[in-house]
Each structure stands twice: as C-alpha cells, then as structure tokens.
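One structure coming up, written as structure tokens, with questions to follow.
The values are calculated or read from the model by the stated rules, or taken from the named source; none is laboratory data. Since we're looking at a predicted model, the values are computed, not measured. So basically every Cβ, Gly included, is an ideal-geometry build from the backbone, and we count neighbours across all protein chains shown.
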Amino acid sequence: MEKIAYDFKNRTAIVTGGAQGFGLDITKRFLKSGANVFIWDNDSKALEKAIKDLNNKNLNASVVDVSNYLEVEKNVKEITKNSKIDILINNAGITGPTASLWDYDIKMWKKVVEINLMGTFHCCKAVVPNMISNNYGRIVNVASVAGKDGNANASAYSVGKAGAIGLTKSLGKELADKNIAVNAVTPAGAKTRILDQMTKEHVQRMLSKVPRGRFLEVEEFTSLICWLSSEENTFSTAAVFDISGGRSTY
C-alpha cells in the first residue's frame, strides 16, 4: 500500500530511542518527508549504525539518557542555538524483567519508571518552552496498551506507560490555547527488538489478547505518528490514540 506523503520541510524533530525499532522507522519517514531529525539513544553502537545506514545530511545523533534531565537539557540547548524544535517524539523505553510485583527487583522497577515516565517528563519539560516561544509544536508520547490494561508480571512497565498517558492529558490541556498538540499512542505488541526482552510465554500471552491475531507492523505505527506530528493535526490534543488491533478500544 502506498504511504501518504507528509511535508516536514523546515521542521526540526527530536526522536528519542531513535536508533532502533519504532524510533528508527519514524526517523526514516521524517527524513524522507524533508525534516531535520535529531535522534537520541543511549546505545552508541545502534546510533553509529543508524547514521551509517541512513546516510542523510539532515540527520543528527547524540547519546542521551532521557532519565538524566541534565543531559536532556544540555542537548535541547545545543539544538535551540541554531534551530527551533517543532516535533518531539518520546519513544525511548524499556520493558524491564518479567516478574510478579512482590518479586520485582527494586532497582530495576525504578529504572523502568525513570526511563518510561520520567524520561518523557524530562524531554517535555526541556522542549516545551521553545515550542511556546514559537507558538508551534507537535508532541507524541509513545505509551502502550499496558498503560491502560495493566499487564500481569510487568507492573513497572504498565505504571510507567500509564503515567505517560496521564502526563499527556495534563500537558495537552495546559497547552490547548496554543498551536501545540500533545497526544499519546498506545500500541499493542509489535515486531521490534523490545520483544527480545520478554519471555516467550509473555510474548505469546500478549499476542493472544489481540483480536487481529498478529503483532503490529512498525510501518503501521509510523503512519499514525506522522499524522499526529503534522500540521494537519490542528484539533486533537490531550488524546490517546489506540493502535492495538482491537485489544483495547477505549
């Protein structure tokens, strides 16, 4: 199926977790649509590979740990010396171990929440003032159906994604009087490397909940992200867009 073309010329986007999975495919579409893209990832090897494979003059990459606000703030300041920030895709995330809550390692629980929730907060906090000064912005927070339903044996991940949904609703309302849209997307399981972090049993349990009977394709996800990030999205904000194959439709 032919992909809808979007015009992101003269737009600058930040994609966190942009060197792999969802983030990398989003980066490809943004670049193809004319955007200047800054990808942030804490995996230096994946960043190097993305730069080499994409080979695009409009691509910039930095090793950034989104759970560290000082790192995020420093990189935002560097970007805004020469550019405005039009689009922010908060995609960086980890699943963490598969374990019951009472057996969950406390350090890992905190790490998952720090990246999935606090990372989203840090990026929004650092970027939004620039969007306000330019009266333009599109923010998409990548949450998960786990944030709505709560996945057994994935409490930290579910909590982090639920928090990202709540953050989206609050921030979207705070910025509703400006030309800044803040939305969340809630995908079900997809064919990305994140599945490798889970047990086979957990993956099969996830798949069994999807009425479509398959995992989400990365390109399907990217299409939704592109519309939410575009100028065409002039009204939707503080909303949650489901892309779960019928698993959860609320």
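If you check ASP65, ASP105, which single one turns out to be loosely packed, with under 15 Cβ neighbours inside 10 Å and of a type in the set (D, E, K, R)?
ASP105
Something else: Can you report the number of residues in region 108-138 which are over 15 Å from VAL159 (Cβ atoms), surrounded by fewer than 20 Cβ atoms within 10 Å (Cβ to Cβ) and not aliphatic (A, V, I, L, M)?
The number of residues fulfilling the criteria is 6.
SER155 - would you say it is surrounded by 13 or more Cβ atoms within 10 Å (Cβ to Cβ) and within 20 Å of ILE4 (Cα to Cα)?
So SER155 fails the test.
Kindly indicate whether LEU171 is of a type in the set (A, V, I, L, M), touching a residue at least 12 places away in the same chain (Cβ under 8 Å) and farther than 15 Å from GLY93 by Cβ.
Judged against the criteria, LEU171 is a match.
Do any residues in region 116-143 that are under 20 Å from CYS226 (Cβ atoms) have Cβ atoms under 7 Å from those of residues that are in a helix (DSSP H, G or I) and among the charged types (D, E, K, R), where the two are at least six apart or on different chains, and which pairs are they?
Listed pairs, sorted by first residue: ALA143/LYS161.
Collect the residues in region 201-250 that are small (Gly, Ala, Ser) and closer than 19 Å to ILE87 by Cα, keeping them in residue-number order.
SER223, SER229, SER230, SER236, ALA238, ALA239, listed by residue number.
Look through region 1-54, keep the residues that are of a type in the set (Ser, Thr, Tyr) and more than 13 Å from SER230 (Cβ to Cβ), and return whichever of them is surrounded by the most Cβ atoms within 10 Å (Cβ to Cβ).
THR27
State whether the residues of region 191-206 include one that is in a loop (DSSP other than H, G, I, E, B) and either closer than 24 Å to SER33 by Cβ or basic (Lys, Arg) (or both).
Yes, region 191-206 contains a residue that is in a loop (DSSP other than H, G, I, E, B) and either closer than 24 Å to SER33 by Cβ or basic (Lys, Arg) (or both).
I would also like to ask the following. Considering every residue within region 220-239, establish whether at least one is out of contact with any Leu (no Cβ under 9 Å at 6 or more places or on another chain), at pLDDT below 95 and under 24 Å from ILE115 (Cβ atoms).
No, the conditions are met nowhere in region 220-239.
Since ASP25 meets every condition but one in (1) of a type in the set (Asp, Glu); (2) within 25 Å of PHE215 (Cβ to Cβ); (3) free of Cβ contacts under 8 Å to residues at least 60 places away in the same chain, which condition does it not meet?
(3)
A further question follows. With respect to LYS84, determine if the residue is part of a loop (DSSP other than H, G, I, E, B), touching a helix residue (DSSP H, G or I) at 6+ places or on another chain (Cβ under 9 Å) and surrounded by fewer than 17 Cβ atoms within 10 Å (Cβ to Cβ).
Yes: the conditions hold for LYS84.
Of the numbered conditions (1) at pLDDT below 90; (2) in a helix (DSSP H, G or I), PRO211 satisfies every one except a single condition; which is it?
Condition not satisfied by PRO211: (2).
Can you find a residue in region 39-56 that is modelled with pLDDT under 95, of a type in the set (S, T, N, Q) and out of contact with any Gly (no Cβ under 9 Å at 6 or more places or on another chain)?
No, region 39-56 contains no residue that is modelled with pLDDT under 95, of a type in the set (S, T, N, Q) and out of contact with any Gly (no Cβ under 9 Å at 6 or more places or on another chain).
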